[in-house]
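The values are calculated or read from the model by the stated rules, or taken from the named source; none is laboratory data. Keep in mind that this is a model prediction, so the values were computed, not measured. No Cβ is skipped: glycine too gets one built from the backbone with ideal geometry, and neighbour counts run over all protein chains shown. The accessibility values were calculated without ligands, DNA or RNA, using every heavy atom of the protein model including side chains. Shrake-Rupley method; radii C 1.70, N 1.55, O 1.52, S 1.80 Å.
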Amino acid sequence: MRIIRIIGRSIKDAFHSVFRNFSLSIASISCAAITLLIVGIAVLFTFNVKAITQHIEDVLTIIVFIDKDASDSDIETLGEQIKSIDNVNTNNVEFNSKDDIKNEISQDESMKNVLDTLDENPLKSTYVVKVNDVKKIDETANTIKGFEHVSEVKYGESLVSKLVSMFDVIRTVSYAVVVALIFVTFFLIGNTIKLTIYSRRQEVSIMRLVGTSNTVIKLPFVIEGLILGVIGSIIPILITIFGYQFFYDYVGGTLFSSLVVLVNPNEVVYTTSLVLLCVGAIVGVFGSLNAVRRYLKI
């Protein structure tokens, strides 16, 4: 029962302190909210980068055009060489003969009329290859180009390089900004707690004289930091849930092209909200602990 009373009184004191230092509390909460909003954007971005990369891996293929004079044995050997590459998904290496390709193209009446006027099939047999890691597709394609009986290799290299580079840059910048703002929030919440300690220095001195334990003295300040961090996470959580849903519906679930498919909001917003709540609470608690340890000297 004594523990319950101590915790209850500490919570009450913490809320009183939040309102007593209202202006500084608002500054701490605002900074926490801005930080956590950017954290939320970074988390959602990370989820989407992972999903987009996976989607690109699923749909992106390397088309290997085979020399017309290659024999069946040469084609089979080439297929084995392609499958031997580490980054190649061996279960997704598909051979298309030039006759099969001609038959597929001939389903279009205009193309059929053009091909029927030719004495010889002008098309080339191909291997359609999928890779395990899209970031290594350039290296994989260059390796395939070096194989005998390979006429040409196509895989949309310019688009892939631009997408991967763009995602890496944005992700790196987001992480750097998030870390910087977390430190700012950490110290701002710490300053709020320091001011609280200073305003209650006489009360703290009396508590020490009557033999109050260090834990009981520190607890209200730690709870105050927790309150500031949790309150600061509420607005970012709401923006995450409703803002991402609005953005997803507005762009129709894709960005720039059908190749960039966004993650469904139901799969990420609640996980992201939980992350924001935890980060807010942790920053608040550790900001308070740091202030208590350095300035309360207990």
Residue pairs within 6 Å by beta carbon, gap of at least six or interchain, first lying in the stretch 128-149 and free of Cβ contacts under 8 Å to residues at least 40 places away in the same chain, second in a helix (DSSP H, G or I) and among the acidic types (Asp, Glu), listed first then second, are none
Out of curiosity, is Phe95 open to solvent by 50 Å² or more (accessible area, probe 1.4 Å), without any contact (Cβ under 8 Å) to a residue 60 or more places away in the chain and of a type in the set (Phe, Trp, Tyr)?
yes
### Query
Within the stretch 39-50, can one find any residue that is open to solvent by less than 90 Å² (accessible area, probe 1.4 Å) and farther than 30 Å from Phe183 by Cβ?
no
Of the listed residues (Ile235, Ile223, Ile206), the one being out of contact with any Leu (no Cβ under 7 Å at 6 or more places or on another chain), in a helix (DSSP H, G or I), open to solvent by 50 Å² or more (accessible area, probe 1.4 Å) and at pLDDT 75 or above is Ile235
Among residues of the stretch 278-295 being closer than 14 Å to Val39 by Cα and touching a Gly at 6+ places or on another chain (Cβ under 9 Å), the residue most open to solvent (accessible area, probe 1.4 Å) is Ile282
Inside the stretch 68-85, the number of residues satisfying the requirement of being at pLDDT 90 or above, surrounded by 12 or more Cβ atoms within 10 Å (Cβ to Cβ) and part of a loop (DSSP other than H, G, I, E, B) is 1
- request: Return yes when Tyr127 is modelled with pLDDT of 75 or more, closer than 30 Å to Leu262 by Cβ and open to solvent by less than 60 Å² (accessible area, probe 1.4 Å) and no when it is not.
  value: no
Picked from the stretch 11-31 (must be hydrophobic (A, V, I, L, M, F, W, C) and in contact (Cβ under 8 Å) with a residue 24 or more places away in the chain), the residue most open to solvent (accessible area, probe 1.4 Å) is Phe15
query: Is it the case that Ile52 is part of a helix (DSSP H, G or I) and in contact with a Ser or Thr (Cβ under 9 Å, 6 or more places away or on another chain)?
result: no
Within the stretch 240-262, the count of residues that are within 30 Å of Ser28 (Cβ to Cβ) and buried (at least 18 other Cβ atoms within 10 Å of the Cβ) comes to 2
Of those in the stretch 55-67 that are out of contact with any Ser or Thr (no Cβ under 8 Å at 6 or more places or on another chain), outside any loop (DSSP other than H, G, I, E, B) and not acidic (Asp, Glu), the residue farthest from Leu255 (Cα to Cα) is Val59
